[in-house]
Each structure stands twice: as structure tokens, then as C-alpha cells.
Amino acid sequence: MNPADTQAAVETGTSEHQILPYLEMGTGFLIGLSIGYVLKKSFKILLFLTGIALIAVFVLESQGVIELNEAHLQESVSHGVDTFKQFALFLQERLERFKVSSGLSAVAGFFLGLKMG
């Protein structure tokens with residue numbers, strides 16, 4: 001900060017400490033927004049590909065090309081659900097590491113990103 005800026009900050013009563021939290025809130029919001037947007041788009045793509053794979057498996061099973069083991073299928077699905085839960089907890093922990101001001105804006109950005117995605 002140069003001396004002219006320091007003098008202007010003293011005259012107006014502002015300082016770097018008052019300005020920086022607003023910058024942190026904007027950064028947190030943008031990070032949350034991008035995470036929410038990418039997460040929803042990724043989830044949509046994952047659901048689409050899973051649907052295509054299930055249709056292909058059921059068609060192949062009905063043609064007698066493959067045989068499904070239901071126990072193995074249930075185990076695979078439960079493993080996928082557990083992996084998704086771990087990923088959700090990871091995201092939650094990362095968002096909680098922000099300071100309060102940027103953490104709240106990150107959560108708001110995350111939900112807006114989910115809405116936009």
C-alpha cells in the first residue's frame with residue numbers, strides 16, 4: 001500500500017482488514033458455485049451413463065449372452081453408494097474449513113451451483 005492510499009484509508013476510516021473479508025466472501029462464493037455446478041453436471045452424466053449400462057446389461061441378459069449374479073450386483077451398488085457418501089463428506093469437510101464469512105458464502109454458492117447445474 002503506497003502512502004497516498006494509506007492516507008486515504010485513514011481519512012475514510014477503512015483499512016485492509018475491513019476490505020479483505022469481502023474478498024474472501026466472494027472467493028468462497030465462487031468456489032462453492034463452481035463445486036455445486038460441476039457436482040450436479042457430473043451427477044447427471046453419471047446417471048445417464050449408469051442408465052445406458054443398465055439397459056445394455058438387461059438386454060444382454062434377456063438375450064442369454066450374460067447371467068447376472070444378484071448378490072454381486074447388490075454388493076456393487078452398496079459399494080457405489082458408500083463411495084458417494086464418502087465424497088459428500090469430503091466436500092462437506094472442505095466447505096467447513098472456510099472461515100465463517102467465506103464459509104457461509106461458499107455454502108450459498110454451492111446451493112446456487114446445484115440449482116444452476
Descending packing, highest mean Cβ count within 10 Å first, for 103-113, 36-46 is 103-113, 36-46
Computed over region 22-116, the relative contact order (Cα-Cα under 8 Å, seq sep at least six) in percent reads 71
When the charge dipole of region 22-116 is computed with +1 on Lys and Arg Cβ and -1 on Asp and Glu Cβ about the Cα centre, the Cα farthest towards its positive end, among Gly64, Phe111, Ile52, belongs to Phe111
Per DSSP, the loop-located GluC sites (Glu not before Pro) within region 48-87 having at most 16 other beta carbons within 10 Å are Glu67
Placing each pseudo-label 7 Å from Cα in the direction of the beta carbon, Leu60 and Leu46 end up separated by a distance in nanometres of 2.2
Diffusion coefficient in µm²/s returned for region 22-116 by Stokes-Einstein, Kirkwood Rh over C-alpha pairs, 10 °C and 1.306 mPa s, is 102
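Read-outs throughout are calculated quantities, based only on the coordinates presented, and are distinct from any laboratory measurement. The structure presented is a predicted model; accordingly, all values stated were derived computationally and were not measured. Cβ: placed from backbone, ideal geometry, glycine included. Neighbour counts: every protein chain shown.
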